[in-house]
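This report refers to the structure that appears directly beneath it.
The values are calculated or read from the model by the stated rules, or taken from the named source; none is laboratory data. This is a predicted model, so every value here is computed, not measured. Cβ placement follows ideal geometry from the backbone for every residue including glycine, while neighbour counts extend to all protein chains displayed. Ligands, DNA and RNA are stripped out before the accessible areas are found, and what is left, the full protein with its side chains, is counted by its heavy atoms. Shrake-Rupley method; radii C 1.70, N 1.55, O 1.52, S 1.80 Å.
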Amino acid sequence: MKQFGSAELVSDYGDFGRPQALREALQSSPGGPRLFLSPDGRYLLVWLGPQRRLLSFLHIPASSPPLQPGDYLEHSWPAQSPPLVGLLFPQSPGQAWTMALVWENGRAEVWSPPRGPADRSWTLLRSAELCQGPRARVVSACCCHGDELLWCEERTTANLLTYCLCRRSLRVSGRRVDPGAMTIVLHHSPPYDVLAAAGRVFMVPRSAGRHPVLIYAPAENSVTLAGLAAGVLHSKALGEADADYKKLILECAGAAADVEIRYAASGDPGSLLVATAAGRIHLLHGDGTARHVYDLRENLRADARIKMAVSGDTLVCTIDSCLYLIDVRSGRLTAKQALNAGEVLLIDVSEGGDVQLMTNVGVYKVGGGSGAATPPPPPAESALLDMVYEEACKYYQRRSLSSTKLTAQSLKENGMFQAPIALAAILCRKSEAAKYAELLGNIDNELQSFLSLELLKSRAAGAPRPDVARCCDELVDLELTRLLQADPDRDGLAYINSLFDTFPKSAWASVRNNFQFQQNGDGKLVVRATADLWKKVLSPLPPSASQNGVHPLFEVICQSLCANKPKWLPGFVQHAQECSGLYRNFTSKERGEGAPLYKRALNVLNKRRDNTNVELEVEILLCSGRPQAVIQAIHTLIRLQRWPRVMEETQRYSQLNPLIKKDIFITLLVEFVQHRQLDSYVPQLCDLCPEDLTATDILRIVLQNVPKTPPAAAVQPPFSTDGGKHLTMGLLKPLLNKALQRQFRRDQSFQGPTFPPAAPQRTNKTAANGEDLSPPDIYATKAL
């Protein structure tokens, strides 16, 4: 992992034209100016909002000719004019970039920068009206696709404010600008801030906690509704009849956002960085999927100055004058540093891997270096040679038929190394210098990780006793992180098992960080692991790896959870089972044992000597959601006579599967017959009765399970009325009435109506008080 040191000043704006004017402009605005870089990186534009001024500064190469006054743009507008809303860079196909200034009243000015000796000044090409109505007001604007402009427009209709999202092109051909026809993307929308990123337009709601984020794809003319917690909510292709925001929301009930977005910035490629008021940073992709990256653990003030950008796999975030560097893949905080350079105005990411911060006093670089005195690393070439030879030893040892141990020294001395061409080019240096540098750069990350690990091992070997534990924790964390990022094999899995056996506490801390185990407000587990990590957890066991006591990664993590956080085990199993649906390309044979994940977790739980927590076993079965597991869990609760919990879980899961409903009803009916502890749950038992059970079926179950009466009481009827524990007919009456009524309605539905109705059959018998009626007739009469 790359270590970042303290910020270093690399430029005081001396490489820009008019450096003193640039410094004064950056320090003149109390609220902080807005800075923009041109698409070619040559111009820095400073937008001073309170002063109503726009200034341009040219980056001067070392061999550039002297600058002329026309190379700079100094544009100002009077206080009576509407405010400037957006500064955009449209670019028509086959044309150079231009700059468009969008004002609140809908007016757009298109400017062209100096192009060469014949054109040495900024030129206003055209002023165009974007909006059609005279009272329209532009809220936000962006350049969404080449020369296409998209903006959120406020309109006044019948003294009511309504908003719509509009689209229009500004095609530039030489010095001519042709505005295209205006198209309305969505009617009746709330106010949105629009941000463009790699062919997508992210529309962030200004109203906190009420509306979802919209992701508009101009090429497909489709829109996706997304939330930071739920991800994709709805997606639809837009047409003339579908351009109503209200109808779009009605098709996606419950699409309202539940968080307050404090800051949003375009990410790369095609993503959106979002910071909420609670201090949570999310990454929203162009397809609508969302991922929580990091929790700042502090509420963001309304006036907090936030900036975010992504440099490779590093998220750079500044809050006021505090710098955060976060690994996007794992969500781990790499560095946190307080900057002494005042307010951070803009984050610019350089291609060399260093993070650059543009402030009001200069450009700072946050580069490599731990800040502590460490021994100088060995030359990269020699370390690379050793690493390649070690990997080659493992590879050839597996393929060798000889039992002789292969060593790196034997490879070097005997010329046994037959690496691929790329590695041979590095080792033998037979390729060109540029090709060698490219090959070396391809494995620079692996080399840095290798060197950091070796330095940490040497430091742990010579550290004093109080520091050994801390060094071991860091070493185990680096080792597990490296192993979890690599493809699982037999040796790596055996190494992971040994780390968990030798350093259980350190290994648990590393797994908790890598998988981002967190506890929400309800006390439930939240796992924010990446898809690659889940794939490694759910991957099949390598051949012959089960020998010598090597367990799969899923079982290893379950064992660690049982030892450290047993209450999190059901939640982990549930998350793993939900993610297992993404990797159904493995056949049952490739999955190793092929057992469900909840059975594998129960097997780990039952192997523990101190396992007396039946509640944990029940939670694992219920979290799996499988019918047989749910039935097993409820049977366990019945055996423990946890009747309130039995009824709660039965009502919860009986609606999901008819198999669960019928099995649990019959089991509870048998328990109802055996004792009197379920007398108060007769209404719930009636609601649980399946549709296909008749009164005859219920009576048969009851008579088959009536407890046998003692010999002394053989003369008593089957249903006692002496207050004993035997079942009475009165307790069965509501259940039988419901079954008979349901059966009667089914019979009526199969039997068509007759006109006139058939006359009742005459009889000379009298049935007073039901004396001459059979038991089924009694229940039918009472049911009617």
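Things worth noting here:
- Scope segment 504-517; condition touching a residue at least 60 places away in the same chain (Cβ under 8 Å) and not in a helix (DSSP H, G or I); matching residues: 516
- Every residue from segment 175-196 that is in contact with a Cys (Cβ under 9 Å, 6 or more places away or on another chain), surrounded by 20 or more Cβ atoms within 10 Å (Cβ to Cβ) and of a type in the set (A, V, I, L, M, F, W, C): 185, 186, 194, 196
Residue-by-condition table, conditions (1) over 12 Å from residue 560 (Cα atoms); (2) open to solvent by 50 Å² or more (accessible area, probe 1.4 Å):
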| residue | (1), (2) |
| --- | --- |
| 486 | yes, no |
| 501 | no, yes |
| 510 | no, no |
| 517 | yes, no |
| 523 | yes, no |
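- Hits in segment 160-174 (condition: in contact with an Asp or Glu (Cβ under 9 Å, 6 or more places away or on another chain) and either farther than 23 Å from residue 112 by Cβ or open to solvent by 40 Å² or more (accessible area, probe 1.4 Å) (or both)): 161, 162, 163, 164, 165, 166, 167, 168, 171
- Being part of a loop (DSSP other than H, G, I, E, B) and farther than 21 Å from residue 570 by Cβ holds for only one residue in 487, 501, 532, 522, and it is 487.
- On inspection, residue 135 fails the criterion of being among the charged types (D, E, K, R), in contact with a Gly (Cβ under 8 Å, 6 or more places away or on another chain) and either open to solvent by 50 Å² or more (accessible area, probe 1.4 Å) or outside any loop (DSSP other than H, G, I, E, B) (or both).
- Any hit, segment 96-118, residues being outside any strand (DSSP E or B), modelled with pLDDT under 90, of a type in the set (A, V, I, L, M, F, W, C) and within 21 Å of residue 199 (Cβ to Cβ): yes
- Hits in segment 76-94 - residues which are outside any strand (DSSP E or B) and open to solvent by less than 30 Å² (accessible area, probe 1.4 Å): 77, 81, 90, 92
- Selection of segment 214-233 for residues being out of contact with any strand residue (DSSP E or B) (no Cβ under 6 Å at 6 or more places or on another chain) and among the polar types (S, T, N, Q) yields only 221.
- Output for segment 165-215, where each listed residue is of a type outside the set (Lys, Arg), within 30 Å of the chain's Cα centre (by Cα) and within 28 Å of residue 125 (Cα to Cα): 165, 185, 193, 194, 195, 196, 197, 198, 199, 201
- Checked across segment 220-227, the condition of being open to solvent by 30 Å² or more (accessible area, probe 1.4 Å), assigned to a loop (DSSP other than H, G, I, E, B) and in contact (Cβ under 8 Å) with a residue 40 or more places away in the chain holds for no residue.
- Here residue 114 passes the criteria (1) free of Cβ contacts under 8 Å to residues at least 24 places away in the same chain; (2) on the phi < 0 side of the Ramachandran plot; (3) not aliphatic (A, V, I, L, M) except the one numbered (1).
- Matching residues, segment 692-707, being assigned to a helix (DSSP H, G or I) and out of contact with any Phe, Trp or Tyr (no Cβ under 7 Å at 6 or more places or on another chain): 696, 697, 698, 699, 700, 701, 702, 703, 704, 705
- Among (1) in contact with a strand residue (DSSP E or B) (Cβ under 9 Å, 6 or more places away or on another chain); (2) crowded, with 19+ Cβ neighbours inside 10 Å, the one test that residue 304 misses: (2)
- The condition (being among the hydroxyl-bearing types (Ser, Thr, Tyr) and farther than 19 Å from residue 131 by Cα) is satisfied by just one residue among 169, 235, 189: 235.
- Filter result (more than 19 Å from residue 246 (Cβ to Cβ) and open to solvent by 10 Å² or more (accessible area, probe 1.4 Å)) within segment 205-217: 208
- Tallying residues that are within 20 Å of residue 194 (Cα to Cα), part of a loop (DSSP other than H, G, I, E, B) and either modelled with pLDDT of 85 or more or within 19 Å of the chain's Cα centre (by Cα) (or both) within segment 283-318 yields 4.
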